[in-house]
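Working notes, structure below.
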Amino acid sequence: MAPDSSEDTSLRRQVYDSLREALTSGRFVPGQKLTFRFVASALGVSLTPVREALRRLVAEGAFEMQPNRSVRVPLMTRAKILELRDIRMAVEGLAAEKAAMRAGKQEIGRLRQIALEIATARAGGDSVTDRLKVREFHFALYGVADQPTLLRVIEGLWLQTGPYMNLLYPEYISLPRGPETRARIIRALQSHDAATARREIENDIRHALSYVADLADESGNIAPASPAAARRRRGGTKAAVALELH
């Protein structure tokens, strides 16, 4: 018997949300190709919801459609990364500012716990968990702002820049800047210092995406990593890009 419409809609949403989370947490790398069949197999679903989800994400700029029922994570230029950097600084700075004005003990405690989990993952060389927790920290912070439209805009920008998080490993993340920034953000929320919260997020984005932009070649293109380097950045073998429904 075919699933009823509510079950079908729920499944489509789960597939779409799972792919969005994978993109925003850096589970895919720039230039990586994915077949519809691979995604369906990884999620344990049929091709239909996968096809619909991937087409939506192509329309949102997260993937590029390729021949033979496949998609590719877009490659970017230095100029494109810098454009996204400036937009992210503006909208995420606004979200951090609003969050600082509303943050309570429970929200601050959660951010402190996630920051500890990032430190633990980083100390253990677990880049997969590291990236997931970095995403979780940012979106927990922005969620405090209680601005759903703003949050949706931020998610759309992370769809495009998420795969480029891989290029921050291992060199950039070895710097002490990240832990220090998170600590200052937490203190800013405790004191409801909106200006400092905004400045810290803006600086965090500026430094990270400027680093990525500076990886461009003489033509301004940011080349994808070699397969071996990509696996190391993702934290291992193909299993590191395994997907699951949420």
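Odds and ends about this structure:
- Mean accessible surface per residue for segment 9-133, computed with a 1.4 Å probe while every protein chain stays in place, in Å²: 46 Å²
- Translational D in µm²/s for segment 25-68 (Stokes-Einstein at 10 °C, 1.306 mPa s, Kirkwood Rh from C-alpha pairs): 144 µm²/s
- Anchor residue 33: aspartates and glutamates whose Cα lies under 12 Å away (excluding residues fewer than 8 positions away in-chain): 64
- Residues whose amide H comes within less than 5 Å of that of residue 26, counting only those at least five positions distant or on another chain, are absent (H built at 1.01 Å from N in the peptide plane).
- In units of the rule-of-thumb radius 2.2 N^0.38 Å, segment 166-211 shows an alpha carbon radius of gyration of 1.22.
- Semi-axis lengths, Å, segment 2-84, gyration tensor of Cα atoms, sqrt of 5 times eigenvalues: 25, 13, 11
- The value obtained for the chain, namely the Cα convex hull volume divided by the number of residues, is 132 Å³ per residue.
- Along its three principal directions, the equivalent ellipsoid of segment 30-171 from the Cα gyration tensor extends over semi-axes of 29, 19, 17 Å, largest first.
- Helix-only arithmetic for the chain: the sum of -39500 (n - 2.57) across DSSP H runs with n ≥ 4, divided by the residue total, places the mean residue ellipticity at 222 nm at -21500 deg cm²/dmol.
- For residue 207, the accessible area of its heavy atoms, probed at 1.4 Å with every protein chain present, is near 70 square angstrom.
- Sequence of 13, 187 when ordered by accessible area, the most exposed leading, probe 1.4 angstrom: 187, 13
- Expressed as a whole percent, the accessible area of segment 1-64 that falls on carbon and sulfur atoms is 50 (1.4 Å probe).
The values are calculated or read from the model by the stated rules, or taken from the named source; none is laboratory data. Just so it is clear, the structure is predicted and the values come from calculations on it, not from any experiment. Keep in mind that these areas ignore ligands, DNA and RNA; they rest on the heavy atoms of the full protein, side chains included. Shrake-Rupley method; radii C 1.70, N 1.55, O 1.52, S 1.80 Å.
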